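Each remark here refers to the structure printed beneath this line.
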Amino acid sequence: MINPFLLFFVLLSVLSLTGCAPLPDVSEIIEDAPVTQQSPQILSAKGLLSPKQSKALMERLQRSVDPTDLLQRYIAVIESVSESPLTNGNKVTLLVDGAATYAAMFKAIRNATDHVNIETFIMEDIIESDETGLRLSDLLLQKQAEGIQVYLLYDSAGSYKTPASFFQRLRDGGISVTEFNPINPLKARGKWRLAKSDHRKILIVDGKVAFTGGVNISLVYSSGLSGSRKHDKTQIPWRDTDVQIEGTAVAEFQKLFLDTWQRQQGATLSDRNYFPDPKEEGKTLVGVVGSSPGETNRITFVLYVAAITFAEHSLHMTNAYFVPDHQTVDSLADAARRGVDVKIILPGTSDSSLAQYAGEYFYSELLKAGVKLYRRQNVLLHAKTLVIDSIWSTVGSTNMDFWSFSTNDEVNAVILSREFAIEMEKMFATDLAQSDQIRWEDWEKRPLLSRIRERLAYLISHWL
């Protein structure tokens, strides 16, 4: 039976999407951002590095891997469309799945001394672990009572199943709560547009540590209970990825959060130390790439297509909702044809069957070009990650679909590090070992009904 809310949401979304600007032509952006011999702007704890220091840093990175022009070409493009600089002096920790992510988040919140800022697509009352039983709502209220200011920005559509009483309890405890783009048109701030979601997942504590990736604050990663919604222990586990970042890059996440808070007309911010003096926590280069609807250049889209275009040796992607546009498909196919080892892990089981069918529409073209496609088994894949040439990695909220590229607020962390890329490759190899490869000789024999299903789903892919 069709969910009435889902049907209502889709119909209104169709109307809201009317007039959406097309995705930018990334090939034109690449042409307009020629690679020069100038060093990139890199922000450290002590300020911008000198051109000489930036050049030396990039040369060390280049020497750590097989020869590739990826870094220089990618940075030239991103600098042309983004005002957020590369940052140095960061420590980046890879967090695999919800349990590891929540453990790190709870620890950071427990240690907060000034403020906690949360921006999330889905907000539910998760627990830390079965052992402690501590609910996130209780921890946040406890910190607020201690004088730590807590701000929560949640997406209205993504969190529509969460009861209003949950958010009211937080408000009653002094937590400042803002609903992003309310579903209820009577609560709209300015022009009401349903097809506009805040799909970001950001947690910032004291302006010193930030979390981002694909993990929502949701019970699907937990074995706990929330209200009347029970967790089925036979339910397939969710597979997701986040990163914890300490260092100069945290300020870039803070800027995104504060900008969105103000755009959504959140309550006046209290006088807190949102931008503490930066400290060098590690040696890793990190770029923070955020996109919002209406931008001339959809920066997360440019990020992906440019990086794929510049890949020279390997390209290993994991993506939960793979409904790419033709530019992305062409760039992936071209990479495989020029000898890049292109492997993409996709869901074997999805919570959006129509999106999965729409993505399958492109499988034939990709497989014939030499792209290797795999389906992850025994989990519900939700991660959005990519590692290229063993040096360039990204973890974020961006799906490979129209919603992420055109209508949602999204954010990705781009990590330029050989050491971090090795961790990403190990994680990818673990997933690959638990995936089934889709082979062309089998795929071309699929029944006519499957082909019709793919085509029909593709025709409505902008609304999936």
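The values are calculated or read from the model by the stated rules, or taken from the named source; none is laboratory data. Keep in mind that this is a model prediction, so the values were computed, not measured. We place every Cβ from the backbone using ideal geometry, glycine too, and count neighbours over all the protein chains shown. For the accessible areas, the whole protein counts, side chains as well, though only heavy atoms, and no ligand, DNA or RNA atoms are used. Shrake-Rupley method; radii C 1.70, N 1.55, O 1.52, S 1.80 Å.
Gap in Å between the Cα centre of the stretch 315-350 and the Cα centre of the stretch 54-72? About 25 Å separates the Cα centre of the stretch 54-72 from the one of the stretch 315-350. Name the shape class, rounded, prolate or oblate, that the alpha-carbon gyration tensor gives for the stretch 318-424, where a ≥ b ≥ c are the square roots of its eigenvalues, rounded holds for a/c under 1.5, and otherwise prolate holds if a/b is larger than b/c and oblate otherwise. Rounded.
Among residues other than VAL96 with Cβ under 9 Å from its Cβ, the summed charge is -2 (Lys and Arg +1, Asp and Glu -1). For the chain, the per residue solvent-accessible surface stands at 43 Å², with DNA, RNA and ligands left out and a 1.4 Å probe. Counting only protein chain heavy atoms and rolling a 1.4 Å probe, the accessible areas of ASP271, ASP409 rank, largest first, as ASP271, ASP409. Listed peptides 392-399, 113-120, 439-446, 312-319 appear in the order 392-399, 312-319, 113-120, 439-446 once ranked by packing, highest mean of other Cβ atoms within 10 Å at the front. Per residue, the convex hull spanned by the Cα atoms of the stretch 376-464 measures out at 132 cubic angstrom. For PHE180, the amide hydrogen comes within under 5 Å of the amide hydrogens of TYR154, ASP155, SER156, counting only partners 5 or more places away or on other chains and with H modelled in the peptide plane.
Partner aspartates and glutamates whose Cα lies under 14 Å from the Cα of LYS161, excluding those fewer than 8 positions away in the same chain, are identified as GLU124, ASP125, GLU179. Using a Förster distance of 51 Å, how high is the FRET efficiency between SER80 and LEU448, based on the Cβ-Cβ distance and rounded to 0.05? In this case the efficiency is close to 0.65. Once you divide the Cα radius of gyration of the chain by 2.2 N^0.38 Å, the number left is 0.95. Dividing the helix sum by the residues of the chain, where each DSSP H run of 4 or more adds -39500 (n - 2.57), gives a mean residue ellipticity at 222 nm of -10500 deg cm²/dmol. Which of the three applies to the stretch 98-149, rounded, prolate or oblate, going by the alpha-carbon gyration tensor with a ≥ b ≥ c and a/c under 1.5 meaning rounded? Since a/c reaches 1.5 and a/b is larger than b/c, the shape of the stretch 98-149 is classed as prolate.
In order along the stretch 253-260, the phi-based Karplus estimate (6.51 cos²θ - 1.76 cosθ + 1.60, θ = phi - 60°) of 3J(HN,Hα) comes to 5, 4, 4, 4, 4, 5, 5, 5 Hz; Gly and Pro are listed as x.
Semi-axis lengths, largest first, of the ellipsoid equivalent to the stretch 47-93 are 17, 15, 12 Å, with √(5λ) applied to each eigenvalue of the Cα gyration tensor. Ranked from largest, the principal axis spans of the Cα set of the stretch 68-190 equal 53, 42, 27 Å. Across the stretch 100-106, rounded Karplus estimates of 3J(HN,Hα) from the backbone phi angles (6.51 cos²θ - 1.76 cosθ + 1.60, θ = phi - 60°) give 5, 5, 5, 4, 5, 5, 4 Hz, Gly and Pro being marked x. Annotation: lysines with alpha-carbon distance below 23 angstrom to LYS384 (same-chain offsets under eight excluded): LYS91, LYS196, LYS201, LYS255, LYS343, LYS372, LYS426. Keeping the other protein chains in place, figure out the carbon and sulfur percent of the accessible area of the stretch 58-114, with a 1.4 Å probe. Carbon-and-sulfur percentage of accessible area, whole number: 48.
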